[in-house]
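Here is the structure we will look at.
The values are calculated or read from the model by the stated rules, or taken from the named source; none is laboratory data. Since this is a predicted model, take the numbers as computed values, not measurements. Here Cβ is always computed from backbone atoms with ideal geometry, including for glycine, and neighbour counts include all displayed protein chains.
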Amino acid sequence: MSDAPGVGRGAVTPLRVVIGLCLVAPFVAMLWVGSYAKTDPVFIGIPFFYWYQMLWVLISTALTMTAYKLWHLDQRGRAAASRDASAASAASSGALGTPASSDAPANPKGGAAE
Amino acid sequence: MKDGVNGVALGVFIFFFVAVTAIGFLAARWRKAENEHSLDEWGLGGRSFGTWITWFLLGGDLYTAYTFVAVPAAIYAAGASGFFAVPYTILVYPLVFTFLPRLWSVSHRHGYVTTSDFVRGRFGSKGLSLAVAVTGILATMPYIALQLVGIQAVLDVMGVGGGENTNWFVKDLPLLIAFGVLAAYTYSSGLRAPALIAFVKDALIYIVIAVAIIYIPIKLGGFDDIFASAGEKFAKAGAGGVVPAAGGQWTYATLALGSALALFMYPHSITATLSSRSREVIRRNTTILPLYSLMLGLLALLGFMAIADGISVKNGQLAIPQLFENMFPDWFAGVAFAAIGIGALVPAAIMSIAAANLFTRNIYKDFIKPDATPKEETRVSKIVSLLVKVGALVFVLTMDKTVAINFQLLGGIWILQTFPALVGGLFTRWFHRWALLGGWAVGMVYGTVAAYGVASPTQKHFGGSSDDIPGIGEIGYIGLTAFVLNVVVTVVLTFVLRAAKAPEGIDETAADDYTADAGDPGVEQELPAATAGTTH
């Protein structure tokens, strides 16, 4: 695969580090059972142990969504870079943000062949 | 338990059941494609499902009737330790976010229908692929049987299913009818049937949970009282508790992690995943599926409410249906029972399809009839889906329920052992195929032996899924220990086999197969979104 300089496959960028952290955080929080195996503070009668984990359902959802958005951003950056590199001028605008836009960036080789 | 048949509840239950049956048969005509005699059509719904259908399908598939009955039942019996289902389902989604899109892509490029298809293509090893297929089928069968146990629990509480002295045929007749109907529409409609029924199932479940979580605590005097009486019960019993004891924290964490790793190794999870129409649908779903986890958490709390209501049943699985019957007016109890009953049908259908696909693709086609046409494949798959269900039925009717539960427990341990081959294979070709096979074998044997050795107050063997973790001195999930062992063996053997220059097999996949999306060369165009009669 001909990677664009800088943002190629496997390169560690700050963006990708953040994506990784978003995905790892729930594991740290949930597997560290000692941090939440207690009764207080109680919330509307529900012990901490239960409402804290339920809260983490929401937090992890938000984190996964963030990772999803950032991943899109990352793919777009890579697509732009690879377009510059190959001087291909495929239209990039309108469809951005819709699902269809992710296929081209994910596969620069296929794009160049068209 | 009240005596006699609860007529109103039964009437509502039958109403929903008939409605769902009609939907199941009509589903065959939904989004029908030209080439209906292919496994892609029957077994994967034409690989055409969008975000919302996939969401309902996966939700209907992963959160089964057994889950609805068993998770609160575990809380009812032991308290906090049963709540591990929540962190488990929290961890699943960030995890699958990383590998499921890759599996989708490579499967679309190469027309893979099962995980074993992928393993064979990636490692060029029919043996490894067979191991994965057999593990999948073995793990799925008892799971289907447990769906029946879920329906049985509901029928029992409604008063059908007869007393001790009715003959077995009358007693099991309702279950036989339910399964006969399920088998018929799965046969004719394939994956489209559960996909449509899942809408009904989830709508019912969400309504029931929303009502239950507000209405029942009010009737029982609030969560303070509920947790206080639960605390009393556990203190008196000298076992369990509202918060896990220090000794139980490793168990809690390893169960959550091990189960999360295992969930998407199950064939039925993968079937639902591969039926989606694009890579995006998968990623987007990992961000919206956690809604179900919230529901599961609320549902789990019902276990405490059953304690506070003073329900005393020997079979913990009846606790929640009994709570509904005690708390709700009859008609709404009927809705709740219908939710659980239909909740059993959706996964049972998908599981039987998934097991049938595995058999057809990775045993029948690979070993018995290599030149089978797509039409033949579909026919074999349809028949096997029937056999699988009959097998599950026989299982439940002839053997003690604990046998099905034991096997399901083992199934979870076993299926986790396919993780290195599947997920490892999605990211690297470094592992040697024979090493993966060796690791799998070691994990399977260790897991089975260790689970066999666990005794509980009521059972001499298979008394639980946790045991000492060798070398750490804590109690942990056997499946996870076996998995670690599996990985260690795989890595060591890979070094050895590579040094010995053992043949590696042919990899038919290429690097960019793993990132391809719908519309790319070699991947089928995204189908036009929905034809007549669909919502999305």
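Among all residue pairs at least 6 apart or on different chains, which show Cβ distances below 7 Å where the first residue, located in segment B:413-424, is crowded, with 24+ Cβ neighbours inside 10 Å and the second is aromatic (Phe, Trp, Tyr)?
Short answer, once both residue conditions are applied: B:Ile415/B:Tyr266; B:Leu416/B:Phe483; B:Gln417/B:Trp440; B:Gln417/B:Phe483; B:Thr418/B:Trp440; B:Ala421/B:Trp440.
Among the numbered criteria (1) over 20 Å from B:Leu204 (Cα atoms); (2) buried (at least 21 other Cβ atoms within 10 Å of the Cβ), which one does B:Ser312 miss?
(2)
Based on what the data block shows, is B:Gly438 assigned to a helix (DSSP H, G or I), touching a helix residue (DSSP H, G or I) at 6+ places or on another chain (Cβ under 9 Å) and without any contact (Cβ under 8 Å) to a residue 60 or more places away in the chain?
The answer is yes for B:Gly438.
Do you know which of the residues in segment B:109-120 that are more than 14 Å from B:Val423 (Cα to Cα) and touching a Ser or Thr at 6+ places or on another chain (Cβ under 9 Å) is surrounded by the fewest Cβ atoms within 10 Å (Cβ to Cβ)?
So, considering only residues that are more than 14 Å from B:Val423 (Cα to Cα) and touching a Ser or Thr at 6+ places or on another chain (Cβ under 9 Å), the one surrounded by the fewest Cβ atoms within 10 Å (Cβ to Cβ) is B:His110.
Residues are listed down the side, and each one gets a yes or a no for (1) buried (at least 24 other Cβ atoms within 10 Å of the Cβ); (2) in contact (Cβ under 8 Å) with a residue 60 or more places away in the chain; (3) over 21 Å from B:Ala354 (Cβ atoms):
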residue	(1), (2), (3)
B:Arg47	yes, yes, no
B:Gly60	yes, yes, no
B:Tyr63	yes, yes, no
B:Thr67	no, yes, no
B:Ile75	yes, yes, yes
B:Phe83	yes, yes, yes
B:Thr89	yes, yes, no
B:Val92	yes, yes, no
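Taking only segment B:473-504 into account, find how many residues are surrounded by fewer than 18 Cβ atoms within 10 Å (Cβ to Cβ) and farther than 30 Å from B:Gln408 by Cβ.
10
Any idea how many residues of segment B:458-472 are loosely packed, with under 15 Cβ neighbours inside 10 Å and either touching a Pro at 6+ places or on another chain (Cβ under 9 Å) or over 20 Å from B:Tyr252 (Cβ atoms) (or both)?
Summing the residues that are loosely packed, with under 15 Cβ neighbours inside 10 Å and either touching a Pro at 6+ places or on another chain (Cβ under 9 Å) or over 20 Å from B:Tyr252 (Cβ atoms) (or both) in segment B:458-472 gives 4.
Considering only segment B:219-244, how many residues are facing chain A (nearest Cβ under 10 Å) and among the acidic types (Asp, Glu)?
So the count comes out to 2.
Any idea how many residues of segment B:77-128 are assigned to a helix (DSSP H, G or I) and farther than 30 Å from B:Gly248 by Cα?
24
Matching residues to (1) out of contact with any Ser or Thr (no Cβ under 9 Å at 6 or more places or on another chain); (2) loosely packed, with under 15 Cβ neighbours inside 10 Å; (3) among the charged types (D, E, K, R):
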residue	(1), (2), (3)
A:Gly34	yes, yes, no
A:Ala37	yes, no, no
A:Gly45	yes, no, no
A:Met54	no, no, no
A:Thr61	no, no, no
A:Ala67	no, no, no
A:Asp74	no, no, yes
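Per-residue answers, yes or no, for (1) aromatic (Phe, Trp, Tyr); (2) buried (at least 21 other Cβ atoms within 10 Å of the Cβ); (3) farther than 21 Å from B:Met295 by Cβ; (4) modelled with pLDDT of 90 or more:
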{"site": "B:Gln317", "(1), (2), (3), (4)": "no, yes, no, no"}
{"site": "B:Gly334", "(1), (2), (3), (4)": "no, yes, no, no"}
{"site": "B:Ala339", "(1), (2), (3), (4)": "no, yes, no, no"}
{"site": "B:Ala344", "(1), (2), (3), (4)": "no, yes, no, no"}
{"site": "B:Arg361", "(1), (2), (3), (4)": "no, yes, yes, no"}
{"site": "B:Thr373", "(1), (2), (3), (4)": "no, no, yes, no"}
{"site": "B:Ser381", "(1), (2), (3), (4)": "no, yes, yes, no"}
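Need the failing condition index for B:Gly247 against (1) more than 14 Å from every other protein chain (Cβ to nearest Cβ); (2) over 27 Å from B:Ala344 (Cβ atoms), just the number.
(1)
Each row is one residue, and each column tells you yes or no for (1) modelled with pLDDT under 75; (2) over 30 Å from B:Ser293 (Cβ atoms); (3) within 18 Å of the chain's Cα centre (by Cα).
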{"position": "A:Val42", "(1), (2), (3)": "no, no, no"}
{"position": "A:Tyr68", "(1), (2), (3)": "no, no, yes"}
{"position": "A:Pro105", "(1), (2), (3)": "yes, yes, yes"}
{"position": "A:Pro108", "(1), (2), (3)": "yes, yes, no"}
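Could you list, in sequence order, the residues of segment B:442-477 that are part of a loop (DSSP other than H, G, I, E, B), of a type in the set (A, V, I, L, M, F, W, C) and more than 18 Å from B:Gly411 (Cβ to Cβ)?
Within segment B:442-477, B:Ala455, B:Ile469, B:Ile472 qualify.
When you look at B:Val388, is it part of a helix (DSSP H, G or I), within 25 Å of B:Leu128 (Cα to Cα) and β-branched (Val, Ile, Thr), yes or no?
yes
Scan segment B:476-499 residue by residue and report those that are in contact with a Phe, Trp or Tyr (Cβ under 6 Å, 6 or more places away or on another chain) and either within 14 Å of chain A (Cβ to nearest Cβ) or acidic (Asp, Glu) (or both).
Correct list: B:Gly476 only.
How many of the residues in segment A:9-37 are among the charged types (D, E, K, R) and at pLDDT below 85?
So the answer is 1.
If you take the residues of segment B:500-519 that are more than 7 Å from every other protein chain (Cβ to nearest Cβ) and assigned to a helix (DSSP H, G or I), which of them is nearest to A:Gln75 (Cα to Cα)?
Among residues in segment B:500-519 that are more than 7 Å from every other protein chain (Cβ to nearest Cβ) and assigned to a helix (DSSP H, G or I), the one nearest to A:Gln75 (Cα to Cα) is B:Tyr514.
Hey, can you tell me all the residues within segment A:44-62 that are more than 7 Å from chain B (Cβ to nearest Cβ) and closer than 21 Å to A:Val18 by Cα?
Selection gives A:Leu58, A:Ile59, A:Ala62.
Quick one: would you say B:Leu291 is touching a strand residue (DSSP E or B) at 6+ places or on another chain (Cβ under 9 Å), within 14 Å of chain A (Cβ to nearest Cβ) and not polar (S, T, N, Q)?
For B:Leu291, the condition - touching a strand residue (DSSP E or B) at 6+ places or on another chain (Cβ under 9 Å), within 14 Å of chain A (Cβ to nearest Cβ) and not polar (S, T, N, Q) - is not met.
Which of the following residues is at pLDDT 85 or above, of a type in the set (A, V, I, L, M, F, W, C) and over 20 Å from the mean Cα position of the chain (by Cα): B:Ala203, B:Ala210?
Being at pLDDT 85 or above, of a type in the set (A, V, I, L, M, F, W, C) and over 20 Å from the mean Cα position of the chain (by Cα) holds for just one of B:Ala203, B:Ala210, which is B:Ala210.
Quick test for you: out of B:Ile197, B:Ile213, B:Ile151, pick the one residue that is under 19 Å from B:Ala272 (Cα atoms) and not hydroxyl-bearing (Ser, Thr, Tyr).
Step by step, each of B:Ile197, B:Ile213, B:Ile151 is checked, and only B:Ile197 is under 19 Å from B:Ala272 (Cα atoms) and not hydroxyl-bearing (Ser, Thr, Tyr).
Does segment B:415-435 hold any residues that are outside any helix (DSSP H, G or I), touching a Pro at 6+ places or on another chain (Cβ under 9 Å) and β-branched (Val, Ile, Thr), and which are they?
Those that are outside any helix (DSSP H, G or I), touching a Pro at 6+ places or on another chain (Cβ under 9 Å) and β-branched (Val, Ile, Thr): none in segment B:415-435.
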